Amino acid sequence: MEINEDIVIVGAGIGGLATSLGLHRLGVRSIVLESSDSLRTSGFALALWTNAWRALDALGVGDSLRQRSIHFTRFQAFSANSGLPTVEISLEADNKPIDYDSRCIKRQEIVETLEKELPPGTIKYSCRVISIQQSGLYKLVHLANKTIIRTKVLIGCDGVNSVVAKWMGLPKPIDANRSAIRGYVEYPKAHGFEPKFCAYFGGGVRIGFLPCDHKSLYWFCTFTPSAVDYDEKIEGSPTKMKQFVLSLANNVSKEAYNILERTSLDSLYCAKLKLRTPWNILMKENIVKNNTCLVGDALHPMTPDIGQGGCSTLEDSVVLARCISEAIFAKNLEDDDQLCKIIEVGLEKYAKERKWRIFNLISTSYLVGLAQESNGKVISYLREKFLAQFTIETMVKMGDFDCGKLLT
């Protein structure tokens with residue numbers, strides 16, 4: 001069976017749903033192909049900085065999500081080696097932007113909120129893409145269920161192992177030589193923790209704690225396997241994962257240790273960190289090619305050290321929706337071939353607008369992570385005296401970005 005669609009988005013994660021919603025707000029129809037049989041709400045939580053909230057406001061869902069999260073008032077850093085505090089910074093200082101915001105929110109809350117705003121039937125479940133073909137100005141998207149979709153525009157929002165990115169010819173993301181274990185804890189009643197971001201740096205390790213709301217907390221532990229006693233076999237054993245994190249957390253506060261200890265085994269996740277080499281982003285054909293483009297982790301997987309993975313995905317979605325809409329409605333188009341060509345102009349504008357921003361985010365995140373987890377004496381001294389404050393100032397600075405409104 002072959003069907004025709006103007007715009008096909010692959011992947012119903014945050015990027016795919018946000019892009020489809022942005023287009024919908026601007027009067028442009030799209031469909032979203034999702035390989036799962038229902039909305040994927042797995043994944044724990046993510047930190048969202050000011051740039052993400054500006055994008056969510058542009059999509060019309062910011063206020064709804066703010067009601068289900070806590071605004072951070074402070075950032076506090078500690079030495080992972082000694083457990084002693086190294087710096088404490090207010091996140092409500094007068095020199096912040098007037099709309100400054102930083103929160104941690106459940107991934108499930110984000111995807112469900114975006115999904116509810118889409119027209120019924122936008123998401124097509126159990127639609128796994130197995131191959132893509134170029135057919136003149138169009139793409140033929142082959143699904144595992146034998147359906148073929150003929151589309152003018154194909155948008156890959158299908159994550160680190162993107163089928164669309166592979167078809168475009170992008171090299172695979174590289175290993176950052178670091179890993180992350182993440183956890184999530186829910187309390188039956190209010191947990192009583194302050195609305196602050198706490199992080200422990202050093203010794204090849206970074207451990208952070210962020211409250212999502214009054215009853216739940218998210219934590220992460222990123223580490224350099226070569227710098228700690230790490231056995232890759234633990235990745236398949238939640239029990240060993242938990243024991244490993246607790247062994248790295250000897251010097252955290254009792255309060256923080258109890259959070260780790262309280263984490264249930266089914267609320268743990270381990271993954272190797274990957275990133276797209278930043279110079280690959282500077283080539284236009286790696287972002288846009290033949291009316292095909294990429295969003296989020298499909299385009300720019302990055303290390304989590306400045307908390308910009310999800311934030312930059314939301315930026316992508318707003319900018320892309322705006323560029324496509326401006327191209328479509330700029331002229332009275334007489335046929336589909338003209339539409340394909342004018343959309344190509346919009347996609348090239350998207351690539352031009354995003355490439356240097358993405359280059360800076362990937363590069364900065366990698367370098368900050370390198371400094372945070374390095375174990376040498378000099379870098380350890382600098383980290384405790386200067387780099388903790390530099391890290392949070394960098395996070396705030398990189399988060400003070402405005403992707404703009406949907407309508408210019």
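Observations, loosely collected:
- With the gyration tensor restricted to C-alpha atoms of the chain, the semi-axes of the equivalent ellipsoid amount to 38, 22, 20 Å, longest first.
- Tensor-based shape of region 67-116 (alpha-carbon gyration tensor, a/c under 1.5 rounded, otherwise prolate or oblate): oblate
- Cα centroid separation, region 248-272 to region 11-30 (Å): 36
- Cα-based shape type of region 147-225, given that a ≥ b ≥ c are square roots of the gyration tensor eigenvalues and the cut on a/c is 1.5: oblate
- Tail beyond 23 Å, pair distance distribution of region 163-271 (Cα, percent): 34
- Of the residues F359, F223, the one with the largest accessible area comes first in the ranking F359, F223, computed with a 1.4 Å probe on protein heavy atoms.
- The chain: angle of helix 107-116 to the longest principal axis, Cα-based, in degrees nearest 10: 30
- Helix-only mean residue ellipticity at 222 nm for the chain, each DSSP H run of n ≥ 4 adding -39500 (n - 2.57), per residue, nearest 500: -11000 deg cm²/dmol
- Residues in region 341-354 carry Karplus couplings, in order, of 5, 6, 5, 4, 5, x, 5, 5, 5, 4, 4, 5, 6, 9 Hz; the curve used is 6.51 cos²θ - 1.76 cosθ + 1.60 with θ = phi - 60°, and Gly or Pro positions show x.
- For region 281-334, the solvent-accessible area of protein heavy atoms averages 29 Å² per residue (probe radius 1.4 Å; ligands and nucleic acids excluded).
- Relative contact order, percent, the chain [alpha-carbon distance under 8 Å, six or more residues apart]: 23
- Full extension of the chain between S126 and R29 gives 32.9 nm of extra length, using 0.36 nm per residue less the Cα-Cα distance.
- Fraction of accessible area attributable to carbon and sulfur, the chain (%, probe 1.4 Å): 51
- Exposed GluC sites (Glu not before Pro) absent: longest stretch of the chain, with sites in DSSP loops and at most 13 other Cβ within 10 Å deemed exposed: 93-333
- Computed from point charges on the beta carbon alone (+1 for Lys and Arg, -1 for Asp and Glu), the dipole magnitude for region 129-214 about its Cα centre is near 400 Debye.
- Selected from S325, A80, N290, residue furthest toward positive end of dipole (the chain; charges at beta carbon): A80
- Distance from the alpha carbon centroid of region 182-231 to that of region 81-144 works out to 21 angstrom.
- Whole-Hz couplings from phi, Karplus 6.51/-1.76/1.60, listed for region 393-399; x for Gly and Pro: 5, 5, 4, 5, 5, 5, x
- For the peptides 297-303, 143-149, residues were scored by their other Cβ atoms within 10 Å and the scores averaged per peptide; the highest-first order is 297-303, 143-149.
The values are calculated or read from the model by the stated rules, or taken from the named source; none is laboratory data. As the structure is a computational prediction, the values presented were derived from the model and not from experiment. For neighbour counting, all protein chains shown are included, and Cβ atoms are generated from backbone atoms with ideal geometry for every residue, glycine included. When the accessible area is computed, the model is the full protein with side chains, heavy atoms only, and any ligands, DNA or RNA have been set aside. Shrake-Rupley method; radii C 1.70, N 1.55, O 1.52, S 1.80 Å.
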